[in-house]
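Below is one structure, written out as structure tokens, with a few remarks after it.
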Amino acid sequence: MNFTEAYVCNINRTQELSRRMNRRVYPSENLQVAFIPRPVETKRVLFPILDARKKFKKLENRGFFSSERVFSPGDKAPYNGFMSKVDDESKLRNIIFPIQTAPQSKFIPDTKSDLYDSNYLAVGRKEQMLYPQLYANQKFDSVIPCNSDQIGNELFYNHTRQQTKDLRQTKKIL
């Protein structure tokens with residue numbers, strides 16, 4: 001066997017998949033920086049009166065984070081985006097209105113919300129459907145074929161499982 005040669009196939013598809021996976025690693029735009037100041041240490045410090053914090057430059061404000069507008073690959077999004085959606089989540093969990101019979105106690109989403117409209121999922125690149133019949137609407141007869149007059153007529157010893165098997169065999173013979 002000659003092991004000096006290598007057969008490479010489908011390299012374009014592999015590179016395309018690698019590029020698409022690599023795009024899912026980084027956010028689509030720069031996210032808001034999480035700045036959490038820490039307390040100043042005062043114990044065992046030479047001059048605890050002086051502010052020992054390092055001076056930081058002013059951070060730019062990037063607005064509220066929206067998962068519909070910006071792709072974030074991780075499970076942690078900027079805090080300001082979370083805070084802007086707290087009220088929506090409270091409505092969904094029905095925390096705002098206590099148990100009552102009034103109509104405002106039920107959350108009914110708008111018909112333009114993403115619960116009903118899934119067009120936002122298809123935004124971006126267009127893929128060719130390899131199997132167009134996969135999502136085709138099928139038409140079925142409204143009449144259900146039923147052989148209940150031939151199954152289970154006896155008072156005792158109704159072996160319906162065997163009777164249905166016998167029906168299938170008689171149809172094949174005919």
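Just so it is clear, none of the values below were taken in a lab; they were calculated from the coordinates. Because the structure is a prediction, the values reported are computed rather than measured. So basically every Cβ, Gly included, is an ideal-geometry build from the backbone, and we count neighbours across all protein chains shown.
Miscellaneous remarks
- Taking every alpha-carbon pair within the stretch 1-96, the share separated by more than 22 Å comes to 63 percent.
- For residue 71, the amide hydrogen comes within under 5 Å of the amide hydrogens of 28, 29, counting only partners 5 or more places away or on other chains and with H modelled in the peptide plane.
- Counting every other Cβ atom within 10 Å of each residue's Cβ, 93, 62 order from fewest to most as 93, 62.
- As a rough footprinting exposure proxy, the listed residues 38, 69 were ranked by other beta carbons within 10 Å of their own, and the order from fewest upward is 38, 69.
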